[in-house]
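Okay, structure first, notes after.
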Amino acid sequence: MSYSLSPAADQQLTKLLEEVKQNTALFLGYPVSKDFDYEELMPFLKYPMNNLGDPFVPSTYAVGSRELEKEVVKFFADLFRAQPDDWWGYVTNGGSEGNLYGLYLARELHPKGMVYYSEATHYSVQKNLHLLNMNNIAISTQTNGEIDYEDLENTIRMNRQMPVIIMANIGTTMTEARDDVAKIKIILKKLAIKHYYIHADGALSGCYSALIEPRPAFDFQDGADSIAISGHKFLGSPMPCGIVVVKKSNRDRIARSVAYIGSMDTTISGSRNGHSPLFLWYTLKKLGIEGLKKRALHCLAIAQYAEEQLKELGVEAWRNPNAITVNFPEPSKVIRQKWQLAAEGGWSHIICMPNVSKQQIDELILEIKLSLYAHQFAADII
Ligand SMILES: *Cc1c(COP(=O)(O)O)cnc(C)c1O
């Protein structure tokens, strides 16, 4: 059957497309890459692709991209130095789902565990802890947004009869601070904690953290039991997506076979987006490790440039080591709205995703400069 849109609906579509285009061109404040070209994949949008159930177990429903999904998961298992025979994972709807999955596994392994996470942890984690009904304690942060290891140690000591579940941030949402998994392991050892689980929230910078020197301590070899990243942030994708990698031995403990789908019910959703693994696979194939590394170095160079330019204006800008997020005092509302800059507690940031150019930074800097002058001028008259 075929139907066509009414002129009014058609107009709405045109208007939305225009809006999306314009708003995409400007934003600098959210960690989403927009430099992708997936034209070649458009024919796949004609098909109902669905990677129902576990990607590693074939399903009776055969219209999907499971083979590519497995390659995507393997790519990240290798990048995050998982044991060659002890990894599993899937392409999620985003970093939040990957974090939910990590916590879910942790709870199944340690039902009486206590979850520790820093105050700078992504807002979705608290909701997920609530959904999972897990005991949890927030730990204070240092001024750069990294977890306060002393507070962590003292708090664990007070609850040391309980298994420890750590939600480590590999790039916090506001300042891109990384909690050091190696330091956390030292604390656990010092307190002789036998039962623990460490999940790394690498939604923002997990992907490129593995590509930079010195390599931050966050992956399986450093002591993580699971790692979640977002696919639409550093890699770039038209729809939100992510990847979660866990230890296969842990995932086996929750696996349950379901006759209806002919697969295992090991994922959070039943039906899963069959297109997003395809987009991720395409990016990974096109860029390869070298391309990704170049992308990361480009981001870091632009971030350094932005930091320097802001400082030159007398703005108190700063960055965590090897971070692409540049923090500075909240600029005027007009500027924040135009460039879609998030703000919290008087601070704002720009996130130098791969598509951000020097030219855009210059434009923003000029606007900040003008607003500072206008402010100064107004102060002078008064
Ligand atoms: C973006 C982000 C998340 C959430 O990921 P989504 O892909 O938006 O679901 C979680 N943690 C951090 C640190 C993030 O930056």
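The values are calculated or read from the model by the stated rules, or taken from the named source; none is laboratory data. All figures in this text were calculated on a predicted structure; none of them were measured in a lab. Here the Cβ is made from the backbone with ideal geometry for all residues, glycine too, and neighbour counts use every protein chain on show. With ligands, DNA and RNA removed, areas are computed over all heavy atoms of the protein, side chains included. Shrake-Rupley method; radii C 1.70, N 1.55, O 1.52, S 1.80 Å.
Does SER118 satisfy the criteria of being within 17 Å of ILE243 (Cα to Cα), within 16 Å of the ligand (Cβ to nearest atom) and hydroxyl-bearing (Ser, Thr, Tyr)? Walk me through it before giving the result.
Numbers: within 17 Å of ILE243 (Cα to Cα): no; within 16 Å of the ligand (Cβ to nearest atom): yes; hydroxyl-bearing (Ser, Thr, Tyr): yes.
Criteria not met by SER118.
If we keep just the residues of region 147-180 that are of a type in the set (A, V, I, L, M, F, W, C) and surrounded by 24 or more Cβ atoms within 10 Å (Cβ to Cβ), which is nearest to the ligand (Cβ to nearest atom)? Ranking the candidates gives ILE170 first.
The residue pairs whose first member lies in region 362-382 and is within 19 Å of GLU330 (Cβ to Cβ) and touching a residue at least 40 places away in the same chain (Cβ under 8 Å), whose second member is open to solvent by 80 Å² or more (accessible area, probe 1.4 Å) and part of a helix (DSSP H, G or I), and whose beta carbons are closer than 8 Å, counting only pairs six or more residues apart or on different chains, are SER371/VAL334. Count of region 241-279 residues, restricted to those that are of a type in the set (Phe, Trp, Tyr) and open to solvent by less than 20 Å² (accessible area, probe 1.4 Å), is 1.
Restricting LYS183, LYS189 to those that are more than 19 Å from LEU292 (Cα to Cα), free of Cβ contacts under 8 Å to residues at least 24 places away in the same chain and either away from the ligand (no atom under 11 Å from the Cβ) or touching a Pro at 6+ places or on another chain (Cβ under 8 Å) (or both) reduces the list to LYS189.
Among the residues of region 16-57 satisfying the criterion of being of a type in the set (Asp, Glu) and without any contact (Cβ under 8 Å) to a residue 60 or more places away in the chain, which is surrounded by the fewest Cβ atoms within 10 Å (Cβ to Cβ)?
In the first step, residues of region 16-57 are kept if they are of a type in the set (Asp, Glu); the result is 18-19, 35, 37, 39-40, 54.
Among the residues that remain, those that are also without any contact (Cβ under 8 Å) to a residue 60 or more places away in the chain are: 18-19, 37, 39.
On the way: GLU18: 10, GLU19: 10, ASP37: 9, GLU39: 7.
This residue is GLU39.
Of all residues in region 217-229, at least one satisfies being open to solvent by less than 10 Å² (accessible area, probe 1.4 Å), within 11 Å of the ligand (Cβ to nearest atom) and in contact (Cβ under 8 Å) with a residue 60 or more places away in the chain.
Residue count for region 121-134 satisfying the condition of being farther than 14 Å from TYR104 by Cα and either more than 12 Å from the ligand (Cβ to nearest atom) or touching a residue at least 60 places away in the same chain (Cβ under 8 Å) (or both): 2.
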